[in-house]
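Here's the structure we're looking at; comments come further down.
Computed from the coordinates by the stated procedures, all read-outs in this text should not be read as laboratory data. Just so it is clear, the structure is predicted and the values come from calculations on it, not from any experiment. Cβ atoms come from the backbone with ideal geometry, glycine included; neighbour counts cover every protein chain shown.
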Amino acid sequence: MPICPATPPSCTQCPRLATAFYGPTSESAAAEFERLREGTRAVPAKRIIYRAGDVAKEMQILLSGWAFRYKLLTGGRRQIISFALPGDPVAMRMLFLDRGAFSVQALTDCTLCTFDRESFADFVGRHQRLAENAKLLCVESNAATEELLADIGRRTAYERVGRLILSLARRMQAKGLLQGLVGYLPLSQAHIADALGLTAIHVGRVLRQLKDDRVLTFSRTQFEIHDLPALERL
């Protein structure tokens, strides 16, 4: 996958700057991001972005599109660990490690901003606010993993599906990707199943129940929350 010319033309004009982990930054810091950025890369849906165990030479940030992090188990089973949205690092832990125990796949067509991993890590380490934001993102990721363990271990399928959609909706809202309580959600029932330890058939039944209960509707790539308080009580 060749590196394409950088888009947008400047990091200061990036539509994801305000919602990326490094947030709004000074002109001097934005200029350094621009200097460090190697370019952008287009990745088609379903393409592997990172394979578990490979040495990571790049730090990649999603400019557009969705991706997911996952582990492959024996027999071809898949556990989705988390989803990456526009503005998210593909793998935040690559700031600290040169390889990961998980893989990353493009969920939709994606555009990645690419940086040399070591140079990017050095840059973040020299800026206290960026380093604190990076650590906070890692803490939030660990907290989300703990919630996932509780979901899979003790919560009902109804609770799991509702809480996953609510969690994604909150992240999308923080990034300005929601219109009211309606949002784009490019997940199949199989993706939801692999994230929550369910079967796709069971997920379909739960989505129908959530619709019948007038909590939310999910059709193809769009969801709408009808009863936010009920969803938050799950």
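Taking amide H as placed 1.01 Å from N in the peptide plane, I81 has its amide H under 5 Å from the amide H of R69, Y70, K71, each at least 5 places away in sequence or on another chain. For segment 150-234, trypsin sites (Lys or Arg not before Pro) meeting the loop criterion (DSSP other than H, G, I, E, B) and having at most 14 other Cβ atoms within 10 Å: R214, R220, R233.
Cross-link partners of K175 among aspartates and glutamates, defined as those whose alpha carbon lies under 15 angstrom from its own and excluding same-chain residues fewer than eight positions apart: D88. Checking [x] -0.20; [y] -0.34; [z] -0.24 against the coordinates, the calculated log10 I(q)/I(0) by the Debye sum over Cα atoms at q = 0.07 Å⁻¹ falls under label [z]. Could you pull out every one of the lysines with an alpha carbon less than 22 Å from that of K57, ignoring same-chain neighbours closer than 8 positions? The qualifying lysines are K46, K71, K135. Within the straight-line cut-off of under 14 Å between alpha carbons, the aspartates and glutamates reachable from K211 are E159, E224, D227, sequence neighbours fewer than 8 places apart in one chain being disregarded.
Just to confirm the filter: which chymotrypsin sites (Phe, Trp or Tyr not before Pro) across segment 23-132 are DSSP coil and have at most 12 other Cβ within 10 angstrom of their Cβ?
Details: sites: F33, Y50, W66, F68, Y70, F83, F96, F102, F115, F120, F123; in loops: W66, F96, F102.
Of the chymotrypsin sites (Phe, Trp or Tyr not before Pro), the ones in loops of segment 23-132 whose Cβ has at most 12 other Cβ atoms within 10 Å are F96.
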